[in-house]
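Working notes, structure below.
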Amino acid sequence: MKIFKQVTANNIELAPYPFKKELAMEAYLIENEEILALDNDNFSEVAVLDEEIALKKGRRDRDGRIDILTSYGAEYLSIIELKLNQINESTLNQLENYLDQREQILEIGKYWEEEVKPKWIGVVVGTSISAELQEKLNNGYKYNDIPIAGIVLNRYRSSDNNIFVVSDTYFSYKYSEKDYSKFTYKNKAYNKARLVNEIVREFVDLNPTATFSKLKEVFPKQIQGSFGVFDKLSRAEEIYSNWGHKRHYIKPTETINLGDGEIIATCNQWNPHNIADFIENAKKLGYEIEVK
């Protein structure tokens, strides 16, 4: 269970405070996209890209409109289907209809800039889940090889009007080495983006005089691609401000301070291809990394 609170409180009696409209739930998720994270590996770096996208023949008998489009790192695009009530087989069927028309999304807007085509995942979100759908998702259900996840989202209000949102995630993805998604470094597990952050951070710790330009030589931009392995924090924040999508780790606990006073932010956009290049480069520097 993942709990996202707007305030911190203990021993407070909570009363149900449901979303009155689907658009209200949608707005909350857009503002709190981290709730849509599904695990700590491939599906942890989530970014909302757009909402209310019209699809031709999105339903079996008519056009449709997907609620939210997200990305998970630089590997997956996801269609999110919302319901104000229970998610069930009917909700799943609707999501599957949209997934059948997923190629339209790549033609409608510039949602994908990677050289490699995106993988897809579908997510249904509601306030409860049927027993049948819960069992199916917990058993790793896929639709035409597309993983499907479910999230149950409920909102509560305390007597002093603080708001709490509680989410339960139903998702089972069987990782293998070919996914290139889980790594071990110094007996600690990391996903792609967190591994990069840790290796760059350790290199800086061991080389305190390293400047921004020197670090660019050690971890060349082409390893990651368009965003580079890292960038100045100011530039990373500018990208987030202009696009509304986080492409770097920009929290104070995630950024890295260089000896020349510069603060950098490592990129969180990784896929099996560019992370393989990063690991190859790191191994040349003496770092021992294992694929789980």
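Read-outs throughout are calculated quantities, based only on the coordinates presented, and are distinct from any laboratory measurement. Note that the structure is a prediction, hence the values are computed from the model and not measured. Quick reminder, even Gly has a Cβ in these numbers, built from the backbone with ideal geometry, and neighbours come from all protein chains shown.
Size estimate for region 146-292 follows the Kirkwood approach: the inverse of mean 1/r over distinct Cα pairs works out to 17.3 Å.
Here are some pairs, Lys192/Lys283; Lys174/Lys284; Lys186/Lys283; Lys142/Lys246; which of them have Cα atoms lying more than 25 Å apart in this structure? Flagged as over cut-off: Lys174/Lys284; Lys142/Lys246. Listing Trp270, Trp243 from fewest to most neighbouring C-beta atoms within 10 Å gives Trp243, Trp270.
Dividing the radius of gyration of the alpha carbons in region 2-174 by their Kirkwood radius gives 0.97 for Rg/Rh.
Secondary structure note: in the chain, about 75% of the DSSP beta bridges are antiparallel. Packing, taken as the mean count of other beta carbons within 10 Å per residue, orders the peptides 119-127, 205-213, 187-195 from highest to lowest as 119-127, 187-195, 205-213. Taking amide H as placed 1.01 Å from N in the peptide plane, the amide H of Ala149 sits under 5 Å from that of Gly122, Val123, Val124, each at least 5 places away or on another chain.
Each of Thr91, Thr70 has some number of other Cβ atoms within 10 Å of its Cβ, and from fewest to most they run Thr91, Thr70.
The alpha-carbon of Lys110 sits under 17 angstrom from the alpha-carbons of these aspartates and glutamates, leaving out residues fewer than 8 places away in its chain: Asp50, Glu51, Glu52, Glu75. Length, then width, then depth: along the principal axes, the Cα atoms of the chain run 58, 46, 37 Å.
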